[in-house]
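Asker: Before I ask anything, let me first share the structure, which is written out below as structure tokens.
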Amino acid sequence: MIKAEFHCHSIYSPDSLFKISSILETCREKGIDKIAITDHDQVRGALEAKSKDPERIVVGEEIQTTEGEILAYFLSDLVPGGLSPMKTIEALKKQSAFISIAHPFDPMRGSTWQDGTLEALLPYVDAVEVFNARCVKPVFNEKAQEFAEQHHILRMVGSDAHSALELGRAVLALPDFNGADDLRSALGFALFDGKLSGSWVHLISRYAKIIKQLSRKIV
């Protein structure tokens, strides 16, 4: 069994200052064997990390669709944000990606799924993120868990880390995996460990956004 983190943002996300070198160092310190770097509408950070530590890194992306965010794993190319959910999924299917719905019932972070959309997507996705450590209210995760159980779909969790303090707050212990099919099989044996990070961590993202905006103005 390995310890895996499936939701992490690097300095390549607009709301994070978490450097690739720091992510890798923190993984070693916290005993995280595998980590998916899932920047917002970006794969540059994940590809950079993969080149430095190929055994540990899964190339991922958190993609903003017109209704909510989709998490994808085992990518080789960027899928742009702003597409419809189905167009996004079609682009991911071309890469044979593992596809999950990010924090589907958290309206505070871009989850504005229309009635019936999630149900319509279920035949085309692999999993639902049922625990996200950055959810401010536990009920957001509880609804996701109930939804996944009701529809008998695989369950994912993630710290949604934007800093070293958050990394590893929500992880899975599961058999090692090296591709989308491996991950689908491994999730059947996964054990969850984690807890909510607290609303204060969102200040980290706000600070990162301000710093990056100021840097652009100075340049």
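The values are calculated or read from the model by the stated rules, or taken from the named source; none is laboratory data. This structure is a prediction, so every number in the text was calculated from the model and none was measured. Glycine also receives a Cβ, built like all others from the backbone with ideal geometry; neighbour counts cover every protein chain displayed. Ligands, DNA and RNA are excluded from the accessible area calculation, which covers all protein heavy atoms including side chains. Shrake-Rupley method; radii C 1.70, N 1.55, O 1.52, S 1.80 Å.
Asker: Using the Cα centre of the chain as the reference point, and only Cβ charges (+1 on K/R, -1 on D/E), how large is the resulting charge dipole? Debye, rounded to the nearest 20.
Answerer: The calculation lands at about 800 debye.
Asker: Roll a 1.4 Å probe over the protein chains and send me the accessible area per residue for the range 97-219 in Å². Walk me through the numbers before you get to the answer.
Answerer: Numbers: 6270 Å² over 123 residues.
About 51 Å² of surface per residue is accessible.
Asker: Apply the Kirkwood formula to the range 161-219: the hydrodynamic radius equals the inverse of the mean of 1/r over all pairs of different alpha-carbon atoms; give it in Å with one decimal.
Answerer: Working: mean 1/r = 0.0700 Å⁻¹.
Result for the range 161-219 stands at 14.3 Å.
Asker: For residue 143, project a label point 7 Å along Cα to C-beta. Then give me every residue of the range 93-127 with its amide nitrogen under 14 Å of that point.
Answerer: Those under the cut-off are 102-119.
Asker: If you don't mind, there's one more thing I want to ask. Rounded to the nearest 500, what is the chain's calculated 222 nm mean residue ellipticity when only DSSP H runs of at least 4 contribute -39500 (n - 2.57) each, over all residues? Can you show the working numbers first?
Answerer: Details: 7 runs with 72 residues, N = 219.
One gets -9500 deg cm²/dmol as the mean residue ellipticity at 222 nm.
Asker: Using square roots of five times the C-alpha gyration tensor eigenvalues, list the equivalent-ellipsoid semi-axes of the range 3-46 in whole Å, biggest first.
Answerer: Its equivalent ellipsoid spans semi-axes of 18, 11, 7 Å.
Asker: Quick check: residue separation of residue 178 and residue 209 times 0.36 nm, minus the Cα distance between them. What number comes out in nm?
Answerer: Numbers: separation 31, 0.36 × 31 = 11.16 nm, distance 3.36 nm.
Residue separation times 0.36 nm, minus the Cα-Cα distance, leaves 7.8 nm.
Asker: Which of the residue pairs 52/94; 50/212; 34/143; 19/143; 3/137 have a Cα-Cα distance greater than 30 Å in the structure shown?
Answerer: On the way: 52/94 26 Å; 50/212 24 Å; 34/143 27 Å; 19/143 33 Å; 3/137 26 Å.
From 52/94; 50/212; 34/143; 19/143; 3/137, over 30 Å: 19/143.
Asker: If you look at just the Cα atoms of the range 134-175, how large are its Rg and its Dmax in Å?
Answerer: When restricted to the Cα atoms of the range 134-175, Rg and Dmax are 12.0, 34 Å.
Asker: Continuing with the same structure: Taking the Cα atoms of the range 104-150 alone, what are Rg (to one decimal) and Dmax (as a whole number) in Å?
Answerer: 10.5, 29
Asker: Taking a temperature of 10 °C and a viscosity of 1.306 mPa s, what whole-number D in µm²/s does Stokes-Einstein yield for the range 95-219 with Rh from Kirkwood over alpha carbon pairs? If you can, show how the numbers build up before the last one.
Answerer: Values: Rh = 16.0 Å.
This corresponds to a translational diffusion coefficient of 99 µm²/s.
Asker: With contacts defined as alpha carbon pairs under 8 Å and 6 or more residues apart, what's the relative contact order of the range 8-161 in percent? Show your work: numbers first, answer last.
Answerer: Details: 302 pairs, mean separation 25.4, N = 154.
Computed value for the range 8-161: 16 percent relative contact order.
Asker: Which shape class applies to the range 21-169: rounded if a/c is under 1.5, otherwise prolate when a/b exceeds b/c and oblate if not, where a ≥ b ≥ c are the square roots of the Cα gyration tensor eigenvalues? Could the numbers behind the result be given before it?
Answerer: Details: a/c = 1.89, a/b = 1.32, b/c = 1.44.
Taking the square roots of the gyration eigenvalues as a ≥ b ≥ c, the range 21-169 is oblate.
Asker: With a 1.4 Å probe and every protein chain left in place, tell me how much accessible area residue 11 has, in Å² to the nearest 10.
Answerer: 70 Å²
Asker: Could you calculate, for the range 1-100, the ratio of the Cα radius of gyration to the Kirkwood radius, expressed as Rg to Rh? Write down the numbers at each step before the final one.
Answerer: Values: Rg = 13.1 Å, Rh = 13.5 Å.
Here Rg/Rh amounts to 0.97.
Asker: If you don't mind, another one. May I ask you to order 31-44, 73-86 by the average number of other C-beta atoms within 10 Å around their residues, highest value first?
Answerer: On the way: 31-44: 21.4, 73-86: 16.6.
The most tightly packed comes first, giving 31-44, 73-86.
Asker: Would you mind working out the accessible area per residue for the range 9-89, using a 1.4 Å probe, and quoting it in Å²? The partial results should precede the final answer.
Answerer: Working: 3120 Å² over 81 residues.
With all protein chains present, the range 9-89 gives 38 Å² per residue.
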